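K.L.:
Have a look at the structure that comes next, please.
The values are calculated or read from the model by the stated rules, or taken from the named source; none is laboratory data. Keep in mind the model is a prediction, meaning the values are calculated, not measured. Every residue, glycine among them, receives a Cβ derived from its backbone with ideal geometry; neighbour counts consider all protein chains shown. Note: accessible area is taken over every heavy atom of the protein model, side chains too, but ligands, DNA and RNA are not part of it. Shrake-Rupley method; radii C 1.70, N 1.55, O 1.52, S 1.80 Å.
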Amino acid sequence: MNCFKIFSLIFILLSIFSCKEETDENPPIINLTSPTENTQYFVLESIPIRATITDDENIKSVQVSLIQEQSGKKVLGSLFYTPNTSNYRLEATFKLSDSLLASGSYYFRIEALDENNTAVVFQYIRVIGIPKKKIELIAFCGLNSSTTVYADKNDFNFQQKTVFNAPYFSSTINNYDQQLWFLPADNSSMLAFHLNENAIQFNQSVMSGFNSAFTDLVSYNRSVLVSTKEGEILGYSENYAKNYNYQTLGDRTINKLAANKNYVIADEADLNGDNRMANILFESTGAVKSRISINYSCVDIYFLEEEQVILFQNDEQGGRISELNIQANARRTVKTFADSIVAVEQVKSDEYLLSTATKVLKYNYSNGNLIDYLFTPYALVRYDDFDNQLYVAAGNELKRYNYPFNSPIESTTLPEEIKGLEVRFNR
C-alpha cells in the first residue's frame, strides 16, 4: 500500500513537472526597422511601419499604437493584426490623419502576444503640426424666408457662397471637418454644409411642437451639440452620427449650452422660466453629473477652466456675471451692472466683449474691470484669434477692427441685414 502511494506521488510530480516544461515562457521577439528613432513626420503624412516578429509559438495578435509623450495618451486609432503564425512580417502604414495633432514628441508602442506572453517595443518620432491659418469670414444675411451665405476670402470683398431656404437662428463651424452647421428660426430641420465640397451633407428634423424648434448650437473639437425647446440635447459626431440624446425631466426646456472635453453645461428651466438650473452633464455620454440653481436665464456660457464656468445673465436690474464651480457644485455672483446683455463674445480665456442695446463693453474676469469698448448698439461681434482682429456688424454694415488698439481697419456693406458671423480656419 505504501509502495502504491509512493508510485502515485511520483507520477503526480512527474506530471506537474512535465506540464511546467510544456508551458511557453518565451515572449515574441520584435525587430523594428521603421520608423527609425526620432524621425520627423508632418501631420497628414503616412508613416511606414516595418518589423519582423518571431516566436516559438504562434503569434496571436499584434497592435500598433501612437502615444503623445507629454500626455501619455493614445492618439488616433490603433492598428490590429492576428497573424497566427510563428514568423510574421509586419508591413503597415500609419497615417497621421488628425489635422489637429500638435507638434511634439510621440512614440509608437508595438505589442505582440502569443498564447501566454507579451512583448512590447517603443520607437520615438517627432510630429510637426499644421500651422493654423484663417481661410475666410462667413456672413449670414437674412431675408424673411431665407438666409444668404457670403464669404470674403480675407479681402473684405464678399461673394455669395450658398442660400439656405430658412431664416437664420444660429450657426457654428466644425473647422476640423470643414462643416458649417445651420439652425433655422422657423422650423425644426437642422443642416450641415460642407465648406470644401459646397454641398449640404446633413439635413435632419427633430420632433417639436414649436414653430421654432431650436434654442442653441455649439461645437467642441469635432462634436456638435444642438438643444431644443422640447428639452433635448442632441450630440453629433463629425460623421453626423448621434452620440447621445439627453432629455429633460418633465415639461422643461433648454436655453443655452457650453462644452469642454469633460462636461456640457445646460441652462435648463420650466417653460415659464421657473426652477432654472445649470445642468452639468458628462460630455461623452450626456449623463447628468449634478445640478446647480442659477435663478436667471443665461445669455451665454463659457468655460474659464476645466471645472470653472462663467455665466452671463440678465436679471431685473440689468446684466449679471456669475461663476460656477463644478467640483464644489456652487455658484457665486461676481459682477452686476445696469446694461442688459444682448450677446457675448470670448476674446481670451478671461476676456469678453458684451454687446448691449447701447454699446459694446469689455470685461476682464481676472481683474473685474468692465469698460466701454464701442458705442455700437445691438452689435454682432466676432473675434478672429489668428489675426487678433474684431468684426462688428450692425444692420447690413460690417467693420473690421484692430482689436488691441480698438481702431477700425475697413468697412463694407452687404445686401441684407447681417444675422450671423463665423470665422473659418483650416483646422
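K.L.:
Within the bounds of region 372-380, is there any residue that is within 27 Å of residue 259 (Cα to Cα) and either open to solvent by less than 20 Å² (accessible area, probe 1.4 Å) or of a type in the set (Ser, Thr, Tyr) (or both)?
P.N.:
yes
K.L.:
A further question follows. Pull up region 141-160, narrow it to residues that are farther than 13 Å from residue 415 by Cβ and at pLDDT below 95, then point me to the one that is least open to solvent (accessible area, probe 1.4 Å).
P.N.:
So, considering only residues that are farther than 13 Å from residue 415 by Cβ and at pLDDT below 95, the one least open to solvent (accessible area, probe 1.4 Å) is 152.
K.L.:
Kindly provide the set of residues from region 209-224 that are open to solvent by 40 Å² or more (accessible area, probe 1.4 Å) and either β-branched (Val, Ile, Thr) or more than 9 Å from the chain's Cα centre (by Cα) (or both), ordered by number.
P.N.:
209, 210, 211
K.L.:
Can I ask one more? List the pairs whose first member sits in region 54-83 and is closer than 16 Å to residue 95 by Cα, whose second member is open to solvent by less than 60 Å² (accessible area, probe 1.4 Å) and among the acidic types (Asp, Glu), and whose Cβ atoms are under 7 Å apart, counting only residues at least 6 apart or on separate chains?
P.N.:
Matching pairs, first to second residue: 63/111; 75/98; 76/98.
K.L.:
Residue by residue through region 165-182, note down the ones that are within 30 Å of residue 98 (Cβ to Cβ), among the hydrophobic types (A, V, I, L, M, F, W, C) and surrounded by fewer than 21 Cβ atoms within 10 Å (Cβ to Cβ).
P.N.:
173
K.L.:
Okay, moving on. Do any strands (runs of 3 or more DSSP E) entirely within region 263-350 hold 3 or more residues that are buried (at least 17 other Cβ atoms within 10 Å of the Cβ) and of a type in the set (Asp, Glu), and if so, which?
P.N.:
By residue number, no strands (runs of 3 or more DSSP E) qualify.
K.L.:
Give the residue that is farthest from residue 157 (Cα to Cα), with candidates limited to residues of region 115-146 that are part of a loop (DSSP other than H, G, I, E, B) and among the aliphatic types (A, V, I, L, M).
P.N.:
So the residue we want is 130.
K.L.:
Does region 333-352 contain at least one residue that is farther than 29 Å from residue 282 by Cα and of a type in the set (A, V, I, L, M, F, W, C)?
P.N.:
The answer is yes; a qualifying residue exists.
K.L.:
Now for a different question. Every residue in region 390-427 that is of a type in the set (A, V, I, L, M, F, W, C), part of a strand (DSSP E or B) and open to solvent by 70 Å² or more (accessible area, probe 1.4 Å), please.
P.N.:
Hit for region 390-427 is 409, nothing else.
K.L.:
Mind listing just one residue for me: the one in region 247-259 that is of a type outside the set (A, V, I, L, M) and either open to solvent by 20 Å² or more (accessible area, probe 1.4 Å) or closer than 17 Å to residue 322 by Cβ (or both) and, of those, nearest to the chain's Cα centre (by Cα)?
P.N.:
Filtering region 247-259 for residues that are of a type outside the set (A, V, I, L, M) and either open to solvent by 20 Å² or more (accessible area, probe 1.4 Å) or closer than 17 Å to residue 322 by Cβ (or both), the one nearest to the chain's Cα centre (by Cα) comes out as 256.
K.L.:
If a residue counts only when it is among the polar types (S, T, N, Q) and under 14 Å from residue 265 (Cα atoms), which strands (runs of 3 or more DSSP E) contained entirely in region 207-246 have at least 1 such residues?
P.N.:
Of the strands (runs of 3 or more DSSP E) lying wholly inside region 207-246, those with at least 1 residues that are among the polar types (S, T, N, Q) and under 14 Å from residue 265 (Cα atoms) span 214-220, 223-228.
K.L.:
Another question, if that's okay. With (1) without any contact (Cβ under 8 Å) to a residue 12 or more places away in the chain; (2) open to solvent by less than 70 Å² (accessible area, probe 1.4 Å); (3) not hydroxyl-bearing (Ser, Thr, Tyr) as the list, and residue 102 as the residue in question, which single condition is left unmet?
P.N.:
Only one criterion is unmet by residue 102, namely (1).
K.L.:
Do any residues in region 260-276 that are closer than 14 Å to residue 308 by Cα have Cβ atoms under 6 Å from those of residues that are assigned to a loop (DSSP other than H, G, I, E, B) and of a type in the set (D, E, K, R), where the two are at least six apart or on different chains, and which pairs are they?
P.N.:
262/283; 263/283; 264/283
K.L.:
Restricting to region 26-53, count the residues that are open to solvent by 40 Å² or more (accessible area, probe 1.4 Å) and either free of Cβ contacts under 8 Å to residues at least 60 places away in the same chain or not in a strand (DSSP E or B) (or both).
P.N.:
13
K.L.:
I'd like to know if region 247-255 contains one or more residues that are of a type in the set (Asp, Glu) and without any contact (Cβ under 8 Å) to a residue 24 or more places away in the chain.
P.N.:
Looking through region 247-255, at least one residue is of a type in the set (Asp, Glu) and without any contact (Cβ under 8 Å) to a residue 24 or more places away in the chain.
K.L.:
Pull up region 98-114, narrow it to residues that are of a type in the set (D, E, K, R) and part of a strand (DSSP E or B), then point me to the one that is nearest to the chain's Cα centre (by Cα).
P.N.:
109
K.L.:
A further question follows. Answer yes or no as to whether residue 248 is β-branched (Val, Ile, Thr) and modelled with pLDDT of 95 or more.
P.N.:
no
K.L.:
Is it the case, given these coordinates, that residue 369 is open to solvent by 40 Å² or more (accessible area, probe 1.4 Å) and modelled with pLDDT of 95 or more?
P.N.:
Yes; evaluated as a whole, the condition is true for this residue.
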